[in-house]
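Please read the structure below before turning to the comments.
The values are calculated or read from the model by the stated rules, or taken from the named source; none is laboratory data. Computed from a predicted structure; not experimentally measured. In this analysis, Cβ positions are derived from the backbone assuming ideal geometry, glycine residues included, and neighbour counts consider all displayed protein chains. With ligands, DNA and RNA removed, areas are computed over all heavy atoms of the protein, side chains included. Shrake-Rupley method; radii C 1.70, N 1.55, O 1.52, S 1.80 Å.
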Amino acid sequence: MRVELTSEVFSDIDDTTGPYSPQDLHHLYELLRCFGEERHEWVADETVVVAVRAFLPRHLPQFADTYADLAEDAVVAVDAWTGTSQSTDAVRVSRADLTDHAVDLCQRAVVVVENQESDGFFLEAVAHVLGHERMNRAIDKDWIEIANGGGSSLVKVAEKAARRFRRVVRVVAVLDSDRLIPRQRTGSHDKADRLVGLRVAVHVLARREAENYVPYRVLAGVGRPADASARLRWFKQLTPEQRGHYDMKHGFSKVHKSTTATNAFQELFPDLDQRTRSGLHDGFGTDLLERMHTHRDGLTEHDFAQLGADVVAELRALLATIAGRI
């Protein structure tokens, strides 16, 4: 996140908070260390640099030069990016709220998903293939926690995670849409509305579930070569909307489990011939996301683009939503 420390953070006496205590200095040091580790981006101007150079030698002398230089770099970076030292999207930290912000910004961000293991595979693979530097660094440095939300309990898990934060809620929820047909509003969208009310960032997948984003290259390796080739050939004969809402894990084996599922099948696949239906009856299995993660080094952005014109843009938007809370 982009973080601006006001110049009064680096003053010995503040009208409202009084002199710096050892605990205050600890929180300030922790926050400065986040900048040094590049966990967050320091937004600064020359006034702050002057304050830093006067304050740190008296209170954190062993780190004074390091963080003064870092403040100088922050000014250069901001001016180069915006042409001004003013920032409209930064978290602004003052003496009065330094402790709260240090607590918020120095702990891990939380990404709540329905299945910690499989959705974790999904997010890591997508970030890797699309080369999202911020997300990849956060995963490597353990700056984010992938939390298991389950299905019905996801909102409660996200709400509990949000309570860890005092001012800046660094929590994201990623949900399958569970759409049986395109543009259908589901319970996932109701959950999303509740989460936004809790100041949790949310991304609801446009397609049915994460498995609907698994590239053909991965699908081609599921099962015996002859069976995999035939299944993928049948799958590619579906329309883009059918592929986006087909049950990748179970195929058509659950179509008659409910009236809703049956009606959705009839609406989405009105002219499906029996050979295609038989070929896709059992789906691709329940380990698709793990397979994608295992083979992520062999995938490219083009593999996602093959799935549909909007897929890469959505996946980049998903990563941006998470990165915005890291």
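If you count only protein heavy atoms with a 1.4 Å probe, what accessible area per residue comes out for the chain, rounded to a whole Å²? Present the calculation step by step, with values, prior to reporting the outcome.
On the way: 15610 Å² over 326 residues.
Computed with neighbouring chains in place, this is 48 Å² per residue.
Over the chain, what number does the Rg to Rh ratio reach, with both radii from the alpha-carbon atoms and Rh per Kirkwood? Please report the intermediate quantities before stating the final value.
Numbers: Rg = 24.3 Å, Rh = 22.3 Å.
My calculation of the ratio gives 1.09.
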Taking every pair of alpha-carbon atoms in segment 199-277, what share in percent sits in each 5 Å bin, from 0 to the bin with the longest distance? 3, 13, 23, 24, 18, 10, 5, 2, 1, 0
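If you take all C-alpha pairs in segment 178-326, what percent of them are over 25 Å apart? Don't jump to the answer; show the numbers that get you there.
Numbers: 3562 of 11026 pairs.
So the pairs more than 25 Å apart make up 32 percent of the total in segment 178-326.
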Whole-number percent relative contact order across the chain, with pairs defined as alpha carbons under 8 Å at least 6 apart: 18 percent
In this model, which of Lys236/Lys257; Lys160/Lys257; Lys156/Lys254 are farther than 32 Å apart at the alpha-carbon? Lys160/Lys257
List every DSSP H helix in the chain whose Cα atoms extend 30 Å or more along the helix's own long axis and whose mean Kyte-Doolittle hydropathy is at least -1.0. none
So, with +1 on the Cβ of K and R and -1 on the Cβ of D and E, and no other charges, what is the size of the charge dipole of the chain about its Cα centre, to the nearest 20 debye? 1540 debye
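Please list Met1, Met292 in order of solvent-accessible area, largest first, computed with a 1.4 Å probe with all protein chains present. All intermediate terms of the calculation are to be shown ahead of the outcome.
Numbers: Met1 40, Met292 0 Å².
Greatest to least solvent exposure: Met1, Met292.
Taking only DSSP H segments of four or more residues, each worth -39500 (n - 2.57), what value at 222 nm results for the chain once the sum is divided by all its residues, to the nearest 500 deg cm²/dmol? Walk me through the intermediate numbers first.
Values: 16 runs with 162 residues, N = 326.
Value at 222 nm, helices only: -14500 deg cm²/dmol.
If you rank Trp143, Trp234 by how much accessible surface each has, with a 1.4 Å probe, what is the order from largest down? It would help to have the intermediate numbers written out before the result.
Working: Trp143 10, Trp234 40 Å².
Output order, biggest surface exposure first: Trp234, Trp143.
Quick check: at a probe of 1.4 Å, how many percent of the accessible area of the chain sits on carbon and sulfur atoms? Write out the running numbers ahead of the final one.
On the way: 7380 of 15610 Å².
The computed percentage sits at 47.
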Of Arg164, Arg208, Arg275, the one that fluctuates the most in a GNM where the chain has Cα springs shorter than 10 Å: Arg275
